[in-house]
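Reading through the structure tokens given below for one structure.
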Amino acid sequence: MIDFIGDIHGHRERLEALLKKLGYSVVNGTYCHPTNTAIFLGDYIDRGPDARGAVRIVRKMVEAGTAQAILGNHELNALYFWQKDPNGGYLREHTINKILIHSKTMASFQHYQPEFFDHLDWFLSLPLFIETENFRAQHACFDMENIQTLRREGLEIIGNQENLFRILANKKIRRAVMDTVQGPEVELENGATYRDSEEVLRTRARIKWWMDPKGKTLQDLSFQPGVKIPPQPLSAEVQARDFYRETERPDFFGHYWLEGKPTLFRSNVCCLDYSIASYKGTGVLAAYRFDGETHLSEKNFFYV
């Protein structure tokens, strides 16, 4: 069996509690299971109190062969945040908001700077997606056109710093990477805005990429839990988007800050980000135990 585990965001204690609930124990300094392996779906850092501890657990499991780990948008953002721009500054701007998002990670690594930069190098080795005959997994969105672009460009794994520049320089490659790690978004019309869960002002809405967009409004298609999106019509480009059909193999992802008890959107669509880092303190760290079934079941959720 495979245990898919959602966004951790520096909550090392909750991660250990979930692993123990799933039947993992520490052997030779690394969590392992008698029969199962784990797949972590990204976002190991930021927001929570112990990013260093969380990354160390995940990395040790990957290096011991008891887990795989996917690159999340927070790991990609950290790579860009610390990558110097030859024209000055960094590839991800150091605005107050972006510094604050990263601040708890920095506090966690306060006395371990060389270790932090070693982890950044490790992030470069993490795949953007995993696809097998039985399942697919990525941090945010599985879109076949994007996946084909990543494969054609040799970017299943970013691999090195040069590819960080290459992604930014090519619009199609950048879209393929960003849709995979943070999902497709639609611009709001007529100057409309909203505040997200962290009170950041937003002008774009995430969309349900597994839903057929034809005949839908943005309100139908939006995927912003707890936010009321205006019912604007969808552009021809969005309506022409491919979507993840019910006949596809099960897909696992995180990223979307859901609330409440873990549930399925569809029998082959499973999001495992249940807002562990929510300022409300009501989020859970969620996992799904997968045994190759073609139709997923809510009885296979675990959470703490």
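On a 26 Å Cα-Cα criterion, which of the cross-link pairs Lys84/Lys171; Lys171/Lys228; Lys21/Lys208 come out too long? Violating the 26 Å limit, Cα to Cα: Lys171/Lys228; Lys21/Lys208.
Normalised by the number of residues in the chain, the average gap of Cα pairs under 8 Å and 6 or more apart makes the relative contact order 20 percent. Taken along the Cα-to-beta-carbon direction at a fixed 7 Å, the label points for Thr35 and Glu259 span 3.8 nm. The lysines within cross-link reach of Lys104, meaning a Cα-to-Cα straight distance under 19 Å and a gap of 8 or more places when in the same chain, are Lys280.
Around the amide H of Ala69, modelled in the peptide plane, lie the amide H atoms of Phe40, all under 5 Å away and 5 or more residues distant in sequence or on another chain.
Working note: Cα gyration tensor of the stretch 82-141, eigenvalues times five, square-rooted, sorted largest first, giving semi-axes of 28, 16, 13 Å. Size descriptors for the stretch 1-46: radius of gyration and Dmax over Cα atoms are 10.5, 31 Å. Basic side chains Lys and Arg get +1 at the Cβ, acidic Asp and Glu get -1 at the Cβ, and with that the dipole of the chain about its Cα centre reaches some 360 debye. The accessible surface of the chain, taken with every protein chain in place and a 1.4 Å probe, is 49 percent carbon and sulfur.
Scaled against the 2.2 N^0.38 Å expected of a compact globular protein of N residues, the Cα radius of gyration of the chain reads 0.97. Comparing mean-square fluctuations of Glu63, Glu237, Glu145 from a GNM of the chain with C-alpha springs under 10 Å, the top value falls on Glu237.
Computed over the stretch 1-156, relative contact order equals 22 percent, with contacts defined as Cα pairs under 8 Å that lie 6+ residues apart.
Along the chain, the longest continuous region that contains none of the trypsin sites (Lys or Arg not before Pro) in a DSSP loop with at most 11 other C-beta atoms within 10 Å is 1-213.
Helical runs assigned H by DSSP (4 residues or longer) give the chain a calculated mean residue ellipticity at 222 nm of -9000 deg cm²/dmol, each run adding -39500 (n - 2.57) before division by the residue total. Summing Lys and Arg as +1 and Asp and Glu as -1 over all other residues whose Cβ lies under 15 Å from the Cβ of Asp50 gives a net charge of +2.
Charge tally around Leu258: other residues with Cβ under 11 Å, Lys/Arg +1 each, Asp/Glu -1 each, net -2.
Between rounded, prolate and oblate, where does the stretch 159-304 land on the alpha carbon gyration tensor, with a ≥ b ≥ c its root eigenvalues, rounded for a/c under 1.5, else prolate if a/b exceeds b/c? Rounded. Every Cα-Cα pair of the stretch 185-240 was included, and the share exceeding 16 Å stands at 35 percent. Proximity of backbone amide H atoms, modeled 1.01 Å from N, is registered between Arg136 and Asp251, Phe252 at under 5 Å, excluding neighbours fewer than 5 places apart on the same chain.
Residues in the stretch 36-50 carry Karplus couplings, in order, of 9, 10, 10, 10, 8, 9, x, 6, 8, 10, 6, 6, x, x, 9 Hz; the curve used is 6.51 cos²θ - 1.76 cosθ + 1.60 with θ = phi - 60°, and Gly or Pro positions show x. Solvent-accessible surface of the chain, averaged per residue with a 1.4 angstrom probe and all protein chains in place: 46 square angstrom.
Beta-bridge orientation, the chain: approximately 70 percent antiparallel, per DSSP, counting only bridges with both partners inside. Highest GNM mean-square fluctuation among Gln68, Gln182, Gln161, for the chain modelled with Cα contacts below 10 Å: Gln161.
The values are calculated or read from the model by the stated rules, or taken from the named source; none is laboratory data. Note that this is a predicted model, so its numbers are computed, not measured. All Cβ positions, even for glycine, are placed from backbone atoms using ideal geometry, and neighbour counts span all protein chains on display. Surface areas here come from the heavy atoms of the whole protein model, side chains and all, with no ligands, DNA or RNA. Shrake-Rupley method; radii C 1.70, N 1.55, O 1.52, S 1.80 Å.
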